[in-house]
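Below you'll find the structure, written out as structure tokens, and then a few comments.
The values are calculated or read from the model by the stated rules, or taken from the named source; none is laboratory data. Here the structure is a predicted model, which is why all the values come from computation and not from measurement. All Cβ positions, even for glycine, are placed from backbone atoms using ideal geometry, and neighbour counts span all protein chains on display. For the accessible areas, the whole protein counts, side chains as well, though only heavy atoms, and no ligand, DNA or RNA atoms are used. Shrake-Rupley method; radii C 1.70, N 1.55, O 1.52, S 1.80 Å.
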Amino acid sequence: MNEPLAERMRPKTLDEYIGQKHLVGEGAVIRRMIESGNISSFILWGPPGVGKTTLAKIIAAQIQVPFYTLSAVTSGVKDVRELLERCANDARSVFSTGRPVLFIDEIHRFNKSQQDSLLAAVENGTVTLIGATTENPSFEVIRPLLSRAQVYVLKPLDNDDLLDLLNRAITRDAQLKSHNVKVEETEALLRFSGGDARKLLNILDLMVQALKPDEPFVINDALVTERLQQNPMAFDKDGEMHYDIISAFIKSIRGSDPDAAIYWLARLIAGGEDPKFIARRLVISASEDIGLANPNALLLANATFETIQKIGWPEGRIPLAECAIYLATSAKSNSAYMAINNALQFVEQTGNLPVPLHLRNAPTKLMSQMGYGHGYKYAHDYPGNFVRQEFMPKEANHPVFWRACANAQEAKMKERMDALWGKREE
């Protein structure tokens with residue numbers, strides 16, 4: 001039999017389904033839908049191998065309405081429209097048993113026009129939509145479609161779920177039973193599976209295929225590690241985990257935890273992230289989170305970016321690590337970041353206030369006659385290179401945008417400003 005183990009072990013009923021108790025456990029929302037036969041439109045969002053397609057197939061088997069499937073990988077707008085027309089005909093038929101259900105696997109791969117083609121049918125009740133996606137629907141599914149379909153999050157399977165699946169496979173699958181499988185250790189198997197049921201079953205399948213007929217099979221950490229060689233990192237450079245890990249990396253730097261920063265940096269590198277992307281984020285962090293508390297951080301981050309472009313991998317990991325540790329252990333200030341945000345908000349509220357005449361240049365005689373530049377005081381003509389004058393529109397009433405953070409560098413800056421201007425109203 002050539003059918004993969006993962007397909008042979010695919011659950012046929014909710015009682016065989018493993019994991020996702022928050023959705024399919026007793027009294028949970030999707031179980032209630034299935035038991036009542038009244039399915040609402042929804043999108044299943046979760047990583048690979050956690051049961052999205054399986055759940056859709058269970059729904060198809062248990063409800064008494066027409067059930068259609070499309071793969072977003074192979075279907076275009078024409079396919080969608082033709083299938084929706086069939087669904088509309090089913091709904092109008094005198095033999096209709098209820099609203100047809102349309103399951104779209106990998107719905108995030110549909111472009112905007114393809115998703116738009118679904119809207120009317122979902123809105124007017126021609127079909128009930130069930131979508132499955134590994135990507136964040138907030139980014140990959142258009143808002144009008146999201147407003148018509150509830151999103152349910154599926155979680156990676158925990159170790160207990162995976163062990164339950166392992167036990168079922170070795171006790172119920174005919175091919176595994178023929179090898180009298182004995183389980184000695186499971187740490188490596190669980191680690192390589194990474195919460196993915198399909199991956200666990202594929203690992204078992206891979207190892208069994210190397211056995212002779214009826215040869216006993218002992219599962220232990222050494223065998224699993226030897227057969228698999230390395231653990232492919234769960235990382236999609238265009239996907240949700242990409243953003244989750246880079247977020248954890250930057251927040252670890254902001255939180256002054258160099259060990260966490262290095263851990264997440266290693267995850268990015270092992271997952272095949274573009275080094276220039278990492279370096280760009282370090283430049284942003286140096287500006288946003290370290291800022292005026294240590295201006296040298298931005299110099300180092302820029303140097304790191306330039307170095308990465310010169311040396312590439314694998315040596316590029318070293319300056320990235322150096323910069324990440326430096327930023328994580330540096331004093332922090334977001335005062336410049338907050339100042340520009342505050343100023344932008346003020347500008348949005350107040351609009352285009354006029355530039356005071358004394359701050360305007362007067363390149364022509366007419367402009368000089370109109371008062372451009374009159375009364376401007378050149379700071380270097382005064383003691384200490386400072387003289388009081390107004391530098392903002394009168395209507396602005398000189399708001400305070402920059403507020404020093406509590407660190408030595410900015411304390412000195414604020415002390416100088418207070419000496420020049422007096423204590424500012426904050």
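Please give the contour-minus-distance gain from residue 274 to residue 85: 0.36 nm per residue of separation, less the Cα-Cα distance, rounded to one decimal in nm.
63.6 nm
What is the Cα coordinate range of the chain on the first, second and third principal axes, sorted by size from largest, in whole angstrom?
Over the chain, Cα extents along the principal axes are 95, 61, 40 Å.
Which one of 89, 170, 100 has its Cα pushed farthest toward the positive end of the charge dipole of segment 48-188, where Lys and Arg give +1 and Asp and Glu give -1 at the Cβ?
89
What whole number of Å gives the distance from the Cα centroid of segment 15-78 to the Cα centroid of segment 369-426?
Result: 63 Å between the Cα centres.
Quick one: helix 335-350 against the long Cα principal axis of the chain, what's the angle to the nearest 10°, folded into 0 to 90?
That helix lies at roughly 80 degrees to the long axis.
Between residue 418 and residue 345, what's the calculated FRET efficiency when r is the beta-carbon distance and R0 is 22 Å? Round to 0.05.
Once the sixth-power term is evaluated, E becomes 0.35.
Compute the angle between helix 258-270 and the longest alpha-carbon principal axis of the chain, please, reported from 0 to 90 degrees and rounded to the nearest 10.
60
Would you list which lysines come within 23 Å of residue 182, measuring only between C-alpha atoms, while excluding same-chain residues fewer than 8 positions from it?
199, 212
Express the accessible area of the chain per residue in Å², computed with a 1.4 Å probe while the remaining protein chains stay in the model.
56
Once amide H atoms are placed 1.01 Å from N in the peptide plane, what residues at a sequence separation of 5 or more from residue 136, or on another chain, have their amide H within under 5 Å of its amide H?
Under 5 Å from the amide H of residue 136: 240.
Roughly how many percent of the accessible protein surface of segment 20-154 is carbon and sulfur, given a 1.4 Å probe and a whole-percent answer?
Carbon-and-sulfur percentage of accessible area, whole number: 49.
Rounded to whole Hz and in sequence order, give me ³J(HN,Hα) for segment 30-37 from the Karplus expression 6.51 cos²θ - 1.76 cosθ + 1.60, θ = phi - 60°, writing x for Gly and Pro.
3J(HN,Hα) across segment 30-37, in whole Hz: 6, 4, 5, 4, 5, 5, 7, x.
Working out 0.36 nm times the residue gap between residue 174 and residue 35, then minus their Cα-Cα distance, what length gain in nm do you get to one decimal?
46.9 nm
Mind listing the phi-derived Karplus ³J(HN,Hα) values for segment 38-44, rounded to whole Hz, using 6.51, -1.76 and 1.60 with θ = phi - 60°, and x for any glycine or proline?
Once rounded to whole Hz, the list reads 10, 9, 9, 5, 7, 10, 9.
For the pair residue 315/residue 112, report the inter-label distance in nm, with labels modelled 7 Å from Cα in the Cβ direction.
4.5
Determine the dipole magnitude for the chain: charges of +1 sit on the beta-carbon of Lys and Arg, -1 on that of Asp and Glu, nothing else is charged, the reference point is the Cα centre, and the result goes in debye to the nearest 20.
About 1260 debye.
Where the accessible area of segment 288-372 is counted over protein heavy atoms with a 1.4 Å probe, how much of it, in %, is carbon and sulfur?
The nonpolar share, carbon plus sulfur, comes to 59 percent.
With the chain treated as a Gaussian network of Cα nodes joined by springs under 10 Å, which of 282, 23, 344 yields the largest mean-square fluctuation?
344
Would you list the P(r) distribution for segment 65-178, with all Cα-Cα distances sorted into 5 Å bins from 0 and each bin expressed as a whole %?
Calculated over all Cα pairs of segment 65-178, the distribution is 2, 10, 18, 18, 13, 10, 9, 8, 8, 3, 0 percent.
So if each residue of separation counts as 0.36 nm, and I subtract the Cα-Cα distance between residue 391 and residue 143, what length gain in nm does that give?
84.8 nm is the gain from fully extending residue 391 to residue 143.
Compare the Cα positions of 24, 67, 110 along the charge dipole of the chain (+1 at Cβ of Lys, Arg; -1 at Cβ of Asp, Glu; about the Cα centre) and return the one farthest towards the positive end.
Comparing the listed Cα positions along the dipole, 110 ranks first.
Run the count for segment 1-152, please: Lys pairs, Cα-Cα under 23 angstrom, 8 or more apart or on different chains.
Summing the qualifying lysine pairs gives 7.
Could you list which residues have their amide H under 5 Å from that of residue 70, counting only those 5 or more apart in sequence or on another chain, with H placed in the peptide plane?
Placed amide hydrogens put 103, 104, 105 under 5 Å from residue 70.
Output the Cα-based Rg and Dmax of segment 339-426 in Å, rounding Rg to one decimal and Dmax to a whole number.
Using the Cα atoms of segment 339-426, the pair Rg, Dmax is 16.0, 49 Å.
List the residues, sorted by chain then number, that are 5 or more residues from residue 43 or on another chain and whose placed amide H is less than 5 Å from its amide H.
Amide H to amide H, under 5 Å and 5 or more residues apart or across chains, residue 43 pairs with 131, 150, 151, 152.
Based on the Kirkwood radius over alpha-carbon pairs, what is the Stokes-Einstein translational diffusion coefficient of segment 216-355 at 25 °C with 0.890 mPa s viscosity, in µm²/s?
Translational D for this selection: 144 µm²/s.
Which GluC sites (Glu not before Pro) does segment 315-357 hold that lie in a coil by DSSP with at most 12 other beta carbons within 10 Å?
Sites meeting the loop and neighbour criteria: 315.
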